[in-house]
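Comments concern the structure below.
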Amino acid sequence: MADTLSNRIAAIPNAVFRFTDDGTGRTVTAGGSLNGPLGLAIAPNGDILTANAGDGNLVETTPFGKQIATVPIADTVNGGTLPGGSLFGLAVAPSGAGVYLVDDTNNQLVLQH
């Protein structure tokens, strides 16, 4: 779960089959390169990909909470016209051939390799 206000990623055990409240979940990672995380996806290698709404970066985090990469997507989408704060959601493309990102500035779905 992306906790945008607290700049963290949280895990909720057994979320699909859960019938009780787990509160705010267990923090996987917080702070660091996270800046208004909104979209989450799981990469083919099992890492967590996060789209930051605050700065337009994509952050890769291991399942154990170590942030291992930060990629400035806002500088590469649509010829560098995507301002920070416009990333909303994301999904991994089939066969891990890239990442689909929602550009909230102009309501486009963009494939980033």
Among strands (runs of 3 or more DSSP E) entirely inside the range 64-113, those with 1 or more residues being modelled with pLDDT of 80 or more, out of contact with any Leu (no Cβ under 9 Å at 6 or more places or on another chain) and closer than 18 Å to residue 34 by Cα are 67-72
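Condition check ((1) surrounded by fewer than 18 Cβ atoms within 10 Å (Cβ to Cβ); (2) closer than 14 Å to residue 4 by Cβ; (3) of a type in the set (A, V, I, L, M)) across all residues:
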| position | (1), (2), (3) |
| --- | --- |
| 26 | yes, no, no |
| 35 | no, yes, no |
| 51 | no, yes, yes |
| 60 | yes, no, no |
| 64 | yes, no, no |
Note on residue 34: of the conditions (1) touching a Lys or Arg at 6+ places or on another chain (Cβ under 7 Å); (2) not in a loop (DSSP other than H, G, I, E, B), unmet is (2)
May I ask you to list the residues in the range 85-97 that are without any contact (Cβ under 8 Å) to a residue 40 or more places away in the chain and closer than 12 Å to residue 58 by Cα?
86
Going through 29, 24 one at a time, which residue ends up being among the hydroxyl-bearing types (Ser, Thr, Tyr) and at pLDDT 90 or above?
29
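The values are calculated or read from the model by the stated rules, or taken from the named source; none is laboratory data. What you see is a predicted model, and the numbers here were worked out from it, not measured in a lab. We place every Cβ from the backbone using ideal geometry, glycine too, and count neighbours over all the protein chains shown.
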